[in-house]
Amino acid sequence: MKRKLLFGASLILLVFYTLPIPESAAAAPLREQLEKGVSATVNVEKQTAEIRQKWQSEERLLADEMHALELELRLLAARSLKLKGYAEQRRQEIVKLNNGLAEMAEIGLHLEPYLDELLVQVKELKAQDLPFATVERERRLADLEAALNSYDVDLPEKLNRVMEVLKIEAGFGRGFEVSEEVLNRGDGETAVRVLRLGRVGLYYLTLDGSQAGLFNRESNTWGKLPGIYSEAVKEALRMALKQRAFDLVQLPVAGGKP
């Protein structure tokens, strides 16, 4: 009987200790406040971490942009230095060009009258020269005179044309030329072959080879040569026409000796 009572008391104590103890009315709101405070703190830390991560990403982007801008600044500084050097070179070139233009203007003041003088000298040379290529040379000199008197032809072009005429006239002093012409020797017109030896002499030979002659500078007329020179003129003509090898021949010169 005594054991049953003890066992019953233990069971009552066990039930008493296992039953939940009801919270007081003041403890419930405090726990809720604590839970809300913890939750708010966690949210703040989470937001702070997100902000920190975003700021670090932006910081890296800004650092990259700053590095790129520094490189671009260095490049622009180098280009600016080179451009200053180029500008100085161009300035010096412009100064040289301006000086050259001033010199050209000074030369032009003396050159144009000199070109006119050269034309006069070439005309005088032709008047005193042997009568060859008369029509061609007169036309060339007339064209040159028109160019020198033309406002539309600039000075360099005038100089080029004068030099071209002088070159052609100088070329007449070298080499030889053969042509067929009709000459009036005083006894009527005769078809002949004319041989020009530079500016030394003009010779002719009739087509039948029977008569030779030369142009006399002093009298400005064609004259006959003694028969002994007909063969020499014929040989000279054959050499000029490349019908035989070149060799020495004796020909008379007007005003000189053969």
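For this structure, a couple of remarks:
- Exactly one residue among 194, 178 is β-branched (Val, Ile, Thr), under 48 Å from the mean Cα position of the chain (by Cα), within 27 Å of residue 123 (Cα to Cα) and in a strand (DSSP E or B), and that residue is 178.
Listed here are the residues, each with its yes/no results for (1) of a type in the set (S, T, N, Q); (2) at pLDDT below 85; (3) in contact with a helix residue (DSSP H, G or I) (Cβ under 8 Å, 6 or more places away or on another chain).
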site: 208; (1), (2), (3): no, no, no
site: 213; (1), (2), (3): no, no, no
site: 218; (1), (2), (3): no, yes, no
site: 223; (1), (2), (3): no, no, no
site: 231; (1), (2), (3): no, no, no
site: 236; (1), (2), (3): no, no, no
site: 239; (1), (2), (3): no, no, no
site: 244; (1), (2), (3): no, yes, yes
site: 256; (1), (2), (3): no, yes, no
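- Test result for residue 159, under 21 Å from residue 110 (Cβ atoms), in contact (Cβ under 8 Å) with a residue 40 or more places away in the chain, surrounded by 12 or more Cβ atoms within 10 Å (Cβ to Cβ) and in contact with a Gly (Cβ under 8 Å, 6 or more places away or on another chain): no
- Residue within the range 141-155 that is under 26 Å from residue 118 (Cβ atoms), outside any helix (DSSP H, G or I), in contact (Cβ under 8 Å) with a residue 12 or more places away in the chain and among the charged types (D, E, K, R) present: no
- Lone unmet requirement of (1) crowded, with 16+ Cβ neighbours inside 10 Å; (2) out of contact with any Phe, Trp or Tyr (no Cβ under 8 Å at 6 or more places or on another chain) for residue 220: (1)
The values are calculated or read from the model by the stated rules, or taken from the named source; none is laboratory data. The model shown is predicted, which means the values in this text are computed figures rather than measured ones. Every residue, glycine as well, gets a Cβ built from its backbone with ideal geometry; the counts of neighbours run over all protein chains shown.
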